[in-house]
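The values are calculated or read from the model by the stated rules, or taken from the named source; none is laboratory data. Quantities reported herein were computed from a predicted structural model and do not represent experimental measurements. Here the Cβ is made from the backbone with ideal geometry for all residues, glycine too, and neighbour counts use every protein chain on show.
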Amino acid sequence: MQRQAFENVRLATLTRAQVRLEQARANLARLEFEFARSFAAIPRGGSALPAELERAVAAAQTAVSRCVAETEEARAAVLDAVRDRKAIEALKKRGLAEYDAREARKEERELDEANQG
């Protein structure tokens, strides 16, 4: 139960990271479009691209890279949480199977003793 809750927290973190990544990508696409449009508007032979727009595009590219890294970290955390939960569940199942086997052997011994005695 606790492992599932931990996994759900990790999934929520991943979802938030994915949303931020999509927003950063949309912002970058918008800025790149503006950059291309302003580049096309420059008269031939001119080189008057707004430095502010260039910096905004560079910052947006950095933001996208940061969001990609954040998303990958969150994805890895989810995979770790899922792996841990499944490992715990496997251990519980194995422990239950061992307990059931012990109980079956115990009952069999008790039946054998009752039949002999």
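Do we find a residue being part of a loop (DSSP other than H, G, I, E, B), free of Cβ contacts under 8 Å to residues at least 12 places away in the same chain and among the aliphatic types (A, V, I, L, M) anywhere in the range 53-64? Checking the range 53-64: not a single residue is part of a loop (DSSP other than H, G, I, E, B), free of Cβ contacts under 8 Å to residues at least 12 places away in the same chain and among the aliphatic types (A, V, I, L, M).
Within this structure, GLU89 fails the test of being touching a Phe, Trp or Tyr at 6+ places or on another chain (Cβ under 9 Å), assigned to a helix (DSSP H, G or I) and modelled with pLDDT under 95. Being of a type in the set (A, V, I, L, M, F, W, C) and in contact with a Phe, Trp or Tyr (Cβ under 7 Å, 6 or more places away or on another chain) holds for only one residue in LEU96, LEU53, LEU31, and it is LEU53.
Residue by residue, here is whether (1) at pLDDT 95 or above; (2) surrounded by 12 or more Cβ atoms within 10 Å (Cβ to Cβ); (3) on the phi > 0 side of the Ramachandran plot; (4) of a type in the set (S, T, N, Q) holds:
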{"site": "GLN18", "(1), (2), (3), (4)": "yes, yes, no, yes"}
{"site": "GLU52", "(1), (2), (3), (4)": "no, no, no, no"}
{"site": "GLN61", "(1), (2), (3), (4)": "yes, yes, no, yes"}
{"site": "CYS67", "(1), (2), (3), (4)": "yes, yes, no, no"}
{"site": "VAL82", "(1), (2), (3), (4)": "no, yes, no, no"}
{"site": "ARG109", "(1), (2), (3), (4)": "no, no, no, no"}
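Within the range 1-14, residues that are surrounded by 15 or more Cβ atoms within 10 Å (Cβ to Cβ) sit with their Cβ atoms under 7 Å from residues that are basic (Lys, Arg), at 6+ positions apart or across chains, in these pairs: ARG3/ARG85; GLU7/ARG85; LEU14/ARG75.
Just checking, does the range 32-47 include any residue being at pLDDT 85 or above, surrounded by 13 or more Cβ atoms within 10 Å (Cβ to Cβ) and part of a helix (DSSP H, G or I)? Looking for residues that are at pLDDT 85 or above, surrounded by 13 or more Cβ atoms within 10 Å (Cβ to Cβ) and part of a helix (DSSP H, G or I), one finds at least one in the range 32-47, hence yes.
ARG105 meets the conditions (1) surrounded by fewer than 10 Cβ atoms within 10 Å (Cβ to Cβ); (2) more than 30 Å from GLN23 (Cα to Cα); (3) not aliphatic (A, V, I, L, M) in every case but one. The failed one is (1).
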